[in-house]
Amino acid sequence: MKRNLCFCLILMLLGGMWWMKQGGSSSAMAASAEKNAFTPDTIQYGPAPSFMAPGAQLAVLEGNPMAPSGDYTVRVKMPDGYRIAPHWHPKRENVTVISGAFKVGMGDRFDEASMMSFPAGSFAYLDPDMHHYAMTSGEVVVQIHGTSPVQFNYVNPEDDPSRKK
């Protein structure tokens with residue numbers, strides 16, 4: 001019993017020391033949370049990488065998708081009718097639909113008739129080397145997380161927008 005009480009007192013003392021070091025206020029806690037917590041209105045989008053067709057916007061929420069290793073989380077905002085040609089990734093891709101309807105198909109040929117529509121709130125993961133393609137119905141925002149580095153390998157190299165200069 002004495003040991004538990006002593007342990008609790010030490011934890012309280014250490015916690016208090018940490019709290020004082022942080023400035024002893026809730027604003028210090030809020031400031032540290034701002035670096036790793038986002039509300040939709042604080043997410044800053046910029047142009048998507050060149051391996052995506054023009055029109056998409058990208059926001060990096062966590063990590064560096066192009067780093068040699070590590071975790072990353074990004075959001076991609078795409079306009080109505082945006083298409084992503086058949087491609088695959090060497091690492092697993094985890095996709096959550098934040099808003100809109102995201103249509104996805106599997107295979108080496110873009111076939112709109114065989115695509116499934118995923119509304120907001122949907123989640124899917126694509127294992128390495130799964131050939132897939134996508135398009136949007138209305139403006140769509142998806143969140144993608146995985147392990148760096150991100151690699152887009154187009155089934156048909158001519159579909160790679162970074163080659164069209």
For segment 44-155, with only Lys/Arg (+1) and Asp/Glu (-1) charged at the beta-carbon, what is the dipole magnitude about the Cα centre, in debye rounded to 20? 120 debye
Simple spin-label estimate for T42 and M130 in nanometres, 7 Å along Cα-Cβ: 3.2 nm
Mind checking segment 41-92 for trypsin sites (Lys or Arg not before Pro) that DSSP puts in a loop (not H, G, I, E or B) and that have at most 14 other Cβ atoms within 10 Å? K91, R92
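Please work out the FRET efficiency for the pair Q143 and S50, using the Cβ-Cβ distance as r and a Förster radius of 22 Å; give the result to the nearest 0.05. Please report the intermediate quantities before stating the final value.
Working: r = 21 Å, r/R0 = 0.96.
Taking R0 as 22 Å, the efficiency between Q143 and S50 is 0.55.
Since every read-out is calculated from the coordinates, none of them should be taken as a lab result. Keep in mind it's a predicted model, so treat the numbers as computed, not measured. As a convention, Cβ positions derive from the backbone with ideal geometry for all residues, glycine included, and neighbour counts pool all protein chains shown.
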